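Trainee: Once you've had a glance at the structure underneath, I'll fire off some questions.
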Amino acid sequence: MDQKSDLLPIAKLYVNLSHLIINKLIFVFYYINPPPSHFLSNQSPVSHFYYHFLSIYRLSDRNKTEMGATLLSPSAFVKLLFLALCAIWIFPELAQAKHAGTTRHYKFNIVMQNVTRLCQTKSILTVNGQFPGPRIVAREGDRLVIKVVNKVKYNTTLHWHGIRQLRSGWADGPAYITQCPIQTGQSYVYNFTITGQRGTLFWHAHISWLRATLYGPIVILPKEHVPYPFPQPFKEVPIIFGEWWKADTEKIISQALQSGGPPNISDAFTINGLPGPSYNCSAKDAFKLKVKPGKLYLLRMINAALNDELFVSIANHTLTVVETDAVYVKPIKTNVVLITPGQTTNVLLKAKSKAPTATFAIAARPYATGPATFDNTTTIGILEYEPPSPVSKNKNKKFPLLKPALPKLNDTNFAMKFSKKIRSLATAKFPANVPEKVDRRFFFTVGLGLNPCPKNQTCQGPNNTKLAASVNNVSFVQPNVALLQAHFFKKSKGVYTTDFPVNPPLKFNYTGTPPKKLMVNSGTKVVVLPFKTSVELVMQDTSIIGAESHPLHLHGFNFFVIGQGFGNFNPNKDPANFNLVDPAERNTVGVPSGGWVAIRFLADNPGVWFMHCHLEVHTSWGLKMAWIVMDGKRPKQKLPPPPSDLPKC
Ligand code: C2O
């Protein structure tokens, strides 16, 4: 025993040094021989190995020491000398890496892949043949360099949803906003740094409906040695919700835009790509979460569905929300989480202290308020307890599957209550930097509308019209070149105009009986903001065609949700109740069905920033617009020129 404790300091040094060596070797190996870019996914044994290897040796500090203890060897001394020498070689770079962050390289090949769901095989767009796509894991402060190679017949782009893209707008990704699409056979390197963010985000295609299958998680861990502001989970598990059509989604949306009617609804929702036992021939296609009794789990939930907000619940378990849209929040205990497309929500799940003789459904189904029919099915994943002892003759296959109660499909009161509960930590370490003064105020109506039917055609919208959607009655027309290029090279003429309306062109009772004039205007209009403008924006749902909750997403910024309510926003009364102390800080917020939401953001990021409803069908119909934020005076306040491989239109 004594001998052991004498050896401890040396052993520790040895362990630390061997860790550094391994780290360095991975680093070198990584550059000489980049691993398959699916290395962080949990789908193949190979990638599993990579994932654990990297997560243990590069990402998870706690594991390091645990692992280290098993590496002890009595022949340490000779090696120690060697290691000490190596350390000199290692230290400068590590010291530097700590401040500058690591650069992480990924290669994303966009390829077709046959996938079978609901008894039908179809060829879908994937990254590296994986569905859902590979997981990106990085730390706050890291640089990501992602080479995307387009090997399919569709032109595409990828977007890193929720990443602030500070002065890296060229890497943001929405097609015809910040870049032209990557054409078949071409590639583009997305290069950006994660600054001041940690938590869960996701990446997805950002053109037409290609994001139906092109999506995957982004996990941003805190900087090294920085703990979470909540208990350290035993394990972290991304849970990405998707929406599945048996038919080709590109055909569905193009046919809908042609006819003017609503697109066909989906056939299923999925959890990590799997629909689960409530659907035909999908009993085995269920996501399984295996937990150990008494342990704490961090579920990184992402709603990557195209058109549906989702209620999520796990039978007989309480969840604690600790982060939304990669911002920590005051912990909220709840049985049900509401998550709109474009939102991410980290929840803690505490496993019961004894393994129960049951399994538990992780269930998700829509929260839907619109006038149209929607997919009202429920996707189910299975929470299973691993028996405490290896003896498990009665495999829990026969255990009953308990199902949670979910709010009713149109439970708008639940939605409002849940949304209001989300509050920033607002601590010294994690302050809520809500802009106090406001430079410019905007009032935008968001909602549906109609376009006239072209001559010699019959249309499937109400009264032979085409369904549309708008912001302040402007239905956004996608340009043929990227707005950011047009702006940067001062060639906006014929591409966009800067007269986006600050207020609705027509005042009416937005949430009452809609006016007769339902037709939208069309145009490619933007708002121009000088650098560091402090913006207050009220978004008001309209009841034209039907009131509906719209998850509005802003690129390039987080905003603070300072107020929300039902009915029409009252500029004389409502601001008195604004929360400027600890409002939620997010990138996507649901404009309440038949209500309004007020947000504030500081326009400190030069570039062109898309804002749109994250219900893809509404984006297709024109519920989108863009903000142009001008350069500031200082060099560090200007958008650098585009990378040389920026795709051409
Ligand atoms: Cu999830 Cu415009 O993006």
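Read-outs throughout are calculated quantities, based only on the coordinates presented, and are distinct from any laboratory measurement. No experiment lies behind these values; they were computed from the predicted model shown. Cβ atoms come from the backbone with ideal geometry, glycine included; neighbour counts cover every protein chain shown.
Trainee: Can you give the local net charge around LYS437? Use residues other than it whose beta-carbon is closer than 13 angstrom to its beta-carbon, Lys and Arg +1, Asp and Glu -1.
Mentor: Working: positive: ARG440, ARG441, LYS532, ARG600; negative: GLU436, ASP439, GLU536.
For residues surrounding LYS437, the net value is +1.
Trainee: Follow-up question, since we're still on this one. Past 22 Å, Cα to Cα: identify those pairs from LYS235/LYS350; LYS246/LYS398; LYS223/LYS638, in the order given. Present the calculation step by step, with values, prior to reporting the outcome.
Mentor: Details: LYS235/LYS350 11 Å; LYS246/LYS398 31 Å; LYS223/LYS638 27 Å.
The answer is LYS246/LYS398; LYS223/LYS638.
Trainee: Here's a follow-up. What is the Cα coordinate range of the range 149-288 on the first, second and third principal axes, sorted by size from largest, in whole angstrom?
Mentor: 54, 41, 27
Trainee: Using per-residue counts of other Cβ atoms within 10 Å, averaged over each peptide, order 210-222, 636-648 from highest down. Don't skip to the answer; put the middle values down first.
Mentor: Numbers: 210-222: 24.2, 636-648: 13.9.
For the peptides 210-222, 636-648, the packing ranking is 210-222, 636-648.
Trainee: Shifting gears a bit: Pairs LYS421/LYS525; LYS122/LYS408; LYS493/LYS648; LYS532/LYS648; LYS408/LYS466; LYS151/LYS251: which exceed 23 Å Cα-Cα? Please list the in-between numbers first.
Mentor: Values: LYS421/LYS525 35 Å; LYS122/LYS408 32 Å; LYS493/LYS648 18 Å; LYS532/LYS648 30 Å; LYS408/LYS466 30 Å; LYS151/LYS251 20 Å.
From LYS421/LYS525; LYS122/LYS408; LYS493/LYS648; LYS532/LYS648; LYS408/LYS466; LYS151/LYS251, over 23 Å: LYS421/LYS525; LYS122/LYS408; LYS532/LYS648; LYS408/LYS466.
Trainee: Taking the Cα centroid of the range 175-213 and of the range 460-506, what is the distance between the two, rounded to the nearest whole Å?
Mentor: Here the two parts' Cα centres lie 21 Å apart.
Trainee: Cross-link candidates for LYS290: which aspartates and glutamates have Cα within less than 13 Å, leaving aside residues fewer than 8 places away along the same chain?
Mentor: Leaving aside aspartates and glutamates fewer than 8 places away in the same chain, those within reach of LYS290 are GLU236, GLU384, GLU386.
Trainee: Let me ask something else about it. Quick check: convex hull of the Cα atoms in the range 102-227, volume per residue, rounded to a whole Å³? Could the numbers behind the result be given before it?
Mentor: Details: hull volume 12.7 nm³, N = 126.
Each residue corresponds to 101 Å³ of Cα convex hull volume.
Trainee: Calculate the radius of gyration of the Cα atoms of the range 484-589 to one decimal place, then report Dmax, the largest Cα-Cα distance, as a whole number, both in Å.
Mentor: Spelled out, the Cα radius of gyration and Dmax of the range 484-589 are 16.4, 45 Å.
Trainee: Mind pulling up the Rg/Rh value for the range 251-379? Radius of gyration and Kirkwood radius, both on Cα.
Mentor: Values: Rg = 16.6 Å, Rh = 16.3 Å.
Using Cα coordinates only, the ratio equals 1.02.
Trainee: Any idea what diffusion coefficient the range 440-637 gets from Stokes-Einstein, in µm²/s, Kirkwood Rh on alpha carbon pairs, 37 °C, 0.692 mPa s?
Mentor: Values: Rh = 17.4 Å.
Rounded, D is 188 µm²/s.
Trainee: For the pair GLU436 and THR498, what calculated FRET efficiency results from E = 1/(1 + (r/R0)^6), where r is the Cβ-Cβ distance and R0 = 35 Å, to the nearest 0.05?
Mentor: Once the sixth-power term is evaluated, E becomes 0.80.
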